[in-house]
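Shown below is the structure under consideration.
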Protein chains: 2
Amino acid sequence: MSVLIVGSTALDSISTPHGQHPRLLGGSASYASVAASFFAPVKMVGVVGDDFPKPCLALYRKHKIDLEGLQIVAGRTFHWSGEYETNMNNRRTLETELGVFETFTPHLPVSYQNSAFVLLANIAPALQHHVLNQMRRPKFVVADTMDLWLNIALPDLLKLLKRVDGFVLNESEAQQLTQEHNLIRAAKKIHRMGPKYVIIKKGEHGAILSARNKLFVAPAFPLDHVVDPTGAGDCFVGGMMGYLSTADGSVEANLRRAILYGSVLASYCCEGFGLTALTRVTRAAIAKRVKEFEILTRF
Amino acid sequence: MSVLIVGSTALDSISTPHGQHPRLLGGSASYASVAASFFAPVKMVGVVGDDFPKPCLALYRKHKIDLEGLQIVAGRTFHWSGEYETNMNNRRTLETELGVFETFTPHLPVSYQNSAFVLLANIAPALQHHVLNQMRRPKFVVADTMDLWLNIALPDLLKLLKRVDGFVLNESEAQQLTQEHNLIRAAKKIHRMGPKYVIIKKGEHGAILSARNKLFVAPAFPLDHVVDPTGAGDCFVGGMMGYLSTADGSVEANLRRAILYGSVLASYCCEGFGLTALTRVTRAAIAKRVKEFEILTRF
């Protein structure tokens, strides 16, 4: 089954201790779509300006991402630039230029509206609502978010939580949303806000999946060389949704393995600037690393 | 087989958001010995003053800990007092009174010198050396440490690393010792300093075991209520060594499960002030939580 993914589509200028790379393909929808594309056909929803580089479109096409829902409008593409500190855990935004993203309203082509799996990747909750309003009867809807929306669009986000099956957020966002430092208690509070599945991303420390009184805790795939962590969280959730959409059996039964796959996609993402490492990966390499990951975590 | 454990024996006055408790039994040897005692007979080496409360001795005896190596000398028992912040991750030492610990020289009774498993729990590296010097031919020696010794006794510690099979330290200590933020690379550097097995504790985020080109990554047992994390790291390594000393097969083959057991012992430790929760635990409860932990982490 195909996965519908809405989110940001951007050009990122990234500086890390390993180098500087201007105007790389970025944005939550780009990362999540490429990650999901290894498992399933992806229908992407987003907006770019008429300055959007052709090689970026070619990258989407290489991954057979359906671009019918990608609006190309007059103006400049959303541009983000940021800098990572030596330890790669802290990053500083240097500049954000919204461009055509400022007035983006996602329109779903008819061929998108029946998608069974929907990933509302990180984007304003109002736009996530707008996409859901256009869907027929999706089987499984997951939303991701970021601290910005907790700060400036909390009422919209809280309403969204009542409409999704799964909610993905990182450790500090979970703590901020619930005013609860303990992540297990934070997950319980988030369940009461709506979602049946709560997934808390802890970066290099792995992830927690909470499914109403059932927990799953997973480490991250260990990397000895992180080149650029930008987009790793988006790749995690994109890989997870891609895997889920094609696995046999119930979503609940497949979620743990989906997190394993998501972690592996995120690990590839960190090994290169932007999407450069991930786009070179093969399905065989992913299967091999998943196997390796299973061995690394087996008691 | 019995486990020999040397470390500090102390009275701790602990303040957390959940309460204040003065003069609880503490110290790395106390925590590690109680944790190990669920699996194997423990021979403890330490020192206390003549003010040491009888109920603390009774607690050791309840766990059948061999106290022939516990010196009781005139003077005051080592006393530490500390306070945890609301999030329980940061703690502040309020007072340290070394007392009889200041002039402690560990003497090993003859009956201790043939122990096969030796845990050099957190204590000055010079004293860890001194214990090793008195041992015949231990089968497996593990050392733990703390940031203090990296700061004031690094040459001693580096010499010790050439004499131990396994070295346990926490995330920030590994980073400080190696000047390397990435923990996988940090572990590789520590191997080059001597130990065949490097175990990096990440508290609520689990642990990494590195065994020369072989990695094992484990999450921590998830707790929704942490009362007092004091001693959790000592219980982790104590539980690990206790399990190892009684498991059939090679140490290398058993280390992963030993870490699982260590994590479970550490989790019990966090559920009460000082040793109060751990000392009430039964072998059956440990087996049940280990099972639960396996289910929580199974893909």
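If contacts are Cα pairs under 8 angstrom and at least 6 residues apart, what is the relative contact order of the stretch B:163-299 in percent?
18 percent
Working out 0.36 nm times the residue gap between residue B:51 and residue B:68, then minus their Cα-Cα distance, what length gain in nm do you get to one decimal?
Result: 4.3 nm gained on full extension.
Restricting to Cα pairs below 8 Å that are 6+ residues apart, what does the relative contact order work out to for chain B? Please round to a whole percent.
18 percent
Determine the dipole magnitude for chain A: charges of +1 sit on the beta-carbon of Lys and Arg, -1 on that of Asp and Glu, nothing else is charged, the reference point is the Cα centre, and the result goes in debye to the nearest 20.
I would put it at about 1220 debye.
Roughly how many Å is it from the Cα centre of the stretch A:187-207 to that of the stretch A:1-37, as a whole number?
23 Å
Still on this model: State the answer as a single residue: which of A:20, A:184, B:287 lies farthest towards the positive end of the charge dipole of the protein assembly as shown, with beta carbon charges of +1 for Lys and Arg and -1 for Asp and Glu, about the Cα centre.
Most positive-ward Cα: B:287.
Report the local net charge at residue B:27: Lys and Arg +1, Asp and Glu -1, summed over other residues whose C-beta lies under 10 Å from its C-beta.
That works out to -2.
What is the percent carbon and sulfur in the accessible area of chain A, measuring with a 1.4 Å probe over the protein chains and ignoring ligands?
Its accessible area is 52 percent carbon and sulfur atoms.
If R₀ is 35 angstrom, what is the calculated FRET efficiency for the pair residue B:214 and residue A:18, using the beta carbon separation as r and rounding to 0.05?
Approximately 0.85, to the nearest 0.05.
How many lysine pairs does the stretch A:122-243 hold where the Cα atoms are under 20 Å apart and the two sit 8 or more places apart or on different chains?
20
Is the shape of the stretch B:71-156 rounded, prolate or oblate, going by the alpha carbon gyration tensor and its root eigenvalues a ≥ b ≥ c, with a/c under 1.5 for rounded and a/b larger than b/c for prolate?
Prolate.
For chain A, what class follows from the C-alpha gyration tensor (a ≥ b ≥ c being the square roots of its eigenvalues): rounded when a/c is under 1.5, otherwise prolate if a/b is larger than b/c, else oblate?
Rounded is the answer for chain A, as its axis ratio a/c remains below 1.5.
Tell me which aspartates and glutamates have Cα within less than 20 Å of residue A:291's Cα, excluding those fewer than 8 residues away on the same chain?
A:204, A:224, A:248, A:271, B:294
I want the local charge near residue B:124. Using Cβ-Cβ distances under 14 Å, sum +1 for each Lys or Arg and -1 for each Asp or Glu among the other residues.
Neighbour charge sum, excluding residue B:124 itself: -3.
Treat each spin label as a single point 7 Å out from the Cα along the C-beta direction, and report the residue A:280 to residue A:159 distance in nm.
Result: 4.6 nm between the two label points.
Work out from phi, with θ = phi - 60° and the Karplus expression 6.51 cos²θ - 1.76 cosθ + 1.60, the ³J(HN,Hα) of each residue of the stretch B:221-232, listed in order in whole Hz, and give x for Gly and Pro.
5, x, 10, 9, 8, 9, 8, 7, x, 4, x, 4
At q = 0.05, 0.08, 0.13 Å⁻¹, what base-10 log of I(q)/I(0) does the Debye formula yield for the protein assembly as shown when every alpha carbon is treated as an equal point scatterer in vacuo?
One equal scatterer on each Cα of the protein assembly as shown leads to -0.25, -0.60, -1.25.
Considering chain B as a Gaussian network with a 10 Å cut-off on Cα pairs, which listed residue, B:206, B:69, B:19, attains the greatest mean-square fluctuation?
Comparing B:206, B:69, B:19 in the GNM, the peak value goes to B:19.
Taking the Cβ of residue B:14 as the center, what net charge do the other residues with Cβ under 11 Å away carry, scoring Lys and Arg +1 and Asp and Glu -1?
Residues near residue B:14 contribute -1 overall.
Using a Gaussian network model on chain A with a 10 Å cutoff between Cα atoms, which of A:277, A:258, A:232 fluctuates the most?
Highest fluctuation of the listed residues: A:277.
If you don't mind, another one. Only protein chains counted, 1.4 angstrom probe. Which residues of the stretch B:265-299 are at least 30 Å² less accessible in the assembly than when their chain is isolated?
In the stretch B:265-299, residues shielded by partner chains: B:296, B:297, B:299.
Could you check the simple spin-label distance between residue A:107 and residue B:91, using points 7 Å along Cα→Cβ, in nm with one decimal?
It is 6.1 nm.
What percent antiparallel are the DSSP beta bridges of the protein assembly as shown, to the nearest 5?
Counting DSSP beta bridges with both partners in the protein assembly as shown, the antiparallel share is about 40 percent.
Would the stretch B:147-217 count as rounded, prolate or oblate if I go by the C-alpha gyration tensor, calling it rounded below 1.5 in a/c and otherwise prolate when a/b exceeds b/c, oblate otherwise?
Details: a/c = 1.75, a/b = 1.23, b/c = 1.43.
Here the stretch B:147-217 falls in the oblate category.
Give the chain B residue with the shortest beta-carbon distance to the rotation axis relating chain B to chain A, plus that distance as a whole number of Å.
In residue-and-Å form, the answer is B:205, 2.
Please work out the FRET efficiency for the pair residue A:139 and residue B:147, using the Cβ-Cβ distance as r and a Förster radius of 51 Å; give the result to the nearest 0.05.
Efficiency, from the Cβ-Cβ distance: 0.50.
So which cysteines in chain A don't have a second cysteine's C-beta under 4.7 Å from them?
Cysteines lacking a close Cβ partner in chain A: A:56, A:270.
In a GNM of chain B with a 10 Å cut-off on Cα contacts, which of B:111, B:267, B:210 has the highest mean-square fluctuation?
Among B:111, B:267, B:210, the largest mean-square fluctuation in the Gaussian network model of chain B belongs to B:111.
In Å² (nearest 100), what accessible area is buried between A and B, both sides summed, heavy protein atoms only, 1.4 Å probe?
Using a 1.4 Å probe, the pair buries roughly 2800 Å².
Sticking with this structure for a sec: In terms of modelled amide H atoms, which long-range or inter-chain residues lie less than 5 Å from the amide H of residue B:277?
It is B:272, by chain and number.
Can you give the calculated 222 nm mean residue ellipticity of the protein assembly as shown, where each DSSP H run of n ≥ 4 adds -39,500 (n - 2.57) and the sum is split over every residue, rounded to the nearest 500 deg cm²/dmol?
One gets -11000 deg cm²/dmol as the mean residue ellipticity at 222 nm.
For labels at residue B:193 and residue B:292 in the simple 7 Å Cα→Cβ model, what's the distance in nm?
Once both label points are built, they end up 3.6 nm from each other.
Next question, about the same structure. Among the aspartates and glutamates, which fall within straight-line cross-link reach of residue A:54, defined as a Cα-Cα distance under 17 Å, with same-chain neighbours fewer than 8 residues apart omitted?
A:12, A:66, A:68
The values are calculated or read from the model by the stated rules, or taken from the named source; none is laboratory data. Everything numeric in this text was worked out from a predicted model, so none of it was measured. Glycine gets a Cβ as well: all are built from the backbone with ideal geometry, and neighbour counts include every protein chain shown. Keep in mind that these areas ignore ligands, DNA and RNA; they rest on the heavy atoms of the full protein, side chains included. Shrake-Rupley method; radii C 1.70, N 1.55, O 1.52, S 1.80 Å.
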